[in-house]
Structures are given as C-alpha cells and as structure tokens.
Amino acid sequence: MSGIKPIEVKQGWRRACIYRIVNFVTGDFYIGSCVAPWERSQRHRTQLKQGKHGNRILQRAFDKYGIASFQFEILRSFPIEDVPRDVLYRLEQDYIDRLKPVYNIALDVAIPPPLSEENRAALTYRVSKTWTVTLPDGSEKIIHNLSAFCREMGLIKRCMQLVADGKMRGHRGWLCRRETVDKQPYVSRQGRCYVVDCPDGGSVYVKNLALYCREHGLSYNAMVSTLHRPHYHKGYLCHRPIHEHDKAHSFIVWPE
C-alpha cells in the first residue's frame with residue numbers, strides 16, 4: 001500500500017474497474033469487477049454491516065475485525081466503452097489467478113454467454129420509438145429520435161409529446177403522433193443465471209437452477225434460500241455472479 005496515492009471514488013463515477021476489498025489486519029483481500037465502483041462499494045458495505053453478504057468468508061472476517069479494518073480499493077480502471085463485459089470478466093480472472101485472493105469463494109469467474117444477435121435485435125426493437133410529424137405545410141415526416149429532431153427544428157420536446165397524447169392541439173404549427181407497431185416477442189436476455197459452489201470445492205455456472213436441482217437431487221426452494229441467507233444445502237451454495245486504460249489506484253474507507 002505504500003506509495004499509492006489515494007483517489008476518492010465519487011458517487012456516479014462510472015468506469016469498468018477491477019477492485020479489491022482488503023483487510024489491513026491480515027492482509028487478505030477479495031477481488032471483483034464492476035462498472036459502477038461507488039455503488040458496488042456501498043452494496044458490499046451495506047450487506048456486510050447487515051450480516052447478509054453472499055460471501056461467507058468475507059462476512060466472517062468482517063464480523064471478526066470490524067468495518068475499520070477494511071478498505072475498498074480500485075486496482076485498475078478503464079472507460080466503459082473500451083472494455084466489453086466479457087473482457088472485464090477475463091481481466092478479473094487474470095487478477096485472481098495471479099494474486100490468489102483469500103476471500104474469494106470461487107476462483108473461477110462465471111462469464112455469461114454473449115448476447116445473441118436475435119436477443120440484441122429484439123431489445124433494440126423494444127426500446128425504439130417512431131413518430132410521425134406533420135409540418136406546418138402539411139407534409140409528413142417519420143422520425144425515430146424526437147429529442148434530436150426538436151433540437152434541430154427549435155421545438156420543445158415535451159410540447160410535441162403532449163400533442164401526440166392529444167393534450168395539445170399543436171405546437172407552433174406542428175403536429176405529432178406516435179406510430180403503433182406490433183411488438184416483437186421479447187427474447188429473454190440471459191434468464192436468471194447462478195453460480196453454484198459444489199461440495200468438492202468447484203463452482204459451476206447454471207442457467208436453469210430448477211433443472212440443475214432435479215438432476216442433483218436438491219430442493220429448488222432450499223437452493224434459492226441460500227441466495228439470501230448464506231448457508232449450505234447438502235453441501236451446495238448458490239449465489240449470483242458479481243457483475244456489475246489508464247491505470248489508477250483509488251479507495252473508499254467505509255466510515256462507521
């Protein structure tokens with residue numbers, strides 16, 4: 001830690017980061033990755049203080065040494081647009097392999113499968129909006145970005161939306177209406193994904209927890225309960241994967 005100049009992580013600061021939670025007393029630490037470091041640090045802090053953290057090893061150390069002994073540090077950060085999520089996970093795996101963190105239960109990072117073109121197209125289709133604008137001369141124009149169109153033409157977006165909703169007759173001689181389209185069926189992005197810690201010490205990435213439980217003679221409800229209360233069910237523990245190029249070192253000291 002000597003020689004590292006601390007930089008405060010502020011609320012709303014968004015960068016792809018590899019971070020660690022270090023115990024000053026023992027020198028042990030936990031390594032993770034995220035794209036919103038302030039929010040991630042607060043989530044860890046809240047869960048640890050409430051005794052509900054999904055990492056039982058980190059929770060036990062926190063209960064033993066107290067909040068003053070722990071610190072949230074950023075090992076490396078990148079612009080979000082430069083690092084896809086799967087690349088960030090692989091970088092996290094590289095840090096885990098090299099540094100051997102004591103507080104990480106699973107030493108193999110669960111990398112979700114990439115988003116398929118079918119799912120990507122369905123998601124894009126759902127969020128897109130189409131508007132038909134009637135110009136003062138009576139001609140019509142179809143647009144897909146109402147905000148940009150209003151800025152270009154010197155119009156007020158909210159007024160155009162009120163015209164489209166039938167709450168205003170017109171706005172500066174312009175008319176607007178929403179285009180109704182048949183929505184494509186939504187394809188689940190990735191479903192509910194889980195990481196299951198097995199009795200032999202290994203971890204597996206599970207996309208269908210119910211099927212996994214049936215195949216291994218486990219109770220689905222008992223496995224789901226391990227998500228909220230860190231305890232084992234027949235030697236198994238279930239949790240969600242923690243998601244969420246200038247080298248930077250920064251930290252957050254969690255106050256009482």
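Between rounded, prolate and oblate, where does the stretch 131-178 land on the alpha carbon gyration tensor, with a ≥ b ≥ c its root eigenvalues, rounded for a/c under 1.5, else prolate if a/b exceeds b/c? Verdict is rounded for the stretch 131-178. Remark: spin-label model distance Arg158-Ser225 equals 5.1 nm, labels positioned 7 Å along the Cα→Cβ axis.
Once the chain from Arg169 to Thr26 is taken as fully extended at 0.36 nm per residue, the excess over their C-alpha distance is 44.5 nm. Descending by average beta-carbon neighbour count within 10 Å, the peptides 161-168, 140-147, 70-77 line up as 70-77, 161-168, 140-147, the highest first. Computed from phi, the 3J(HN,Hα) profile of the stretch 195-204 under the Karplus parametrisation 6.51, -1.76, 1.60 (θ = phi - 60°) reads 10, 10, 8, 8, x, 7, x, x, 10, 10 Hz, with x in place of Gly and Pro. Between the C-alpha center of the stretch 193-226 and that of the stretch 25-60 there is a gap of 23 Å. A cut-off of 5 Å between modelled amide H atoms, ignoring neighbours fewer than 5 places along the same chain, links Gln71 with Val22, Phe24.
Where a number appears in this text, it was derived from the coordinates with a stated rule and is not lab data. Note that this is a predicted model, so its numbers are computed, not measured. As a convention, Cβ positions derive from the backbone with ideal geometry for all residues, glycine included, and neighbour counts pool all protein chains shown.
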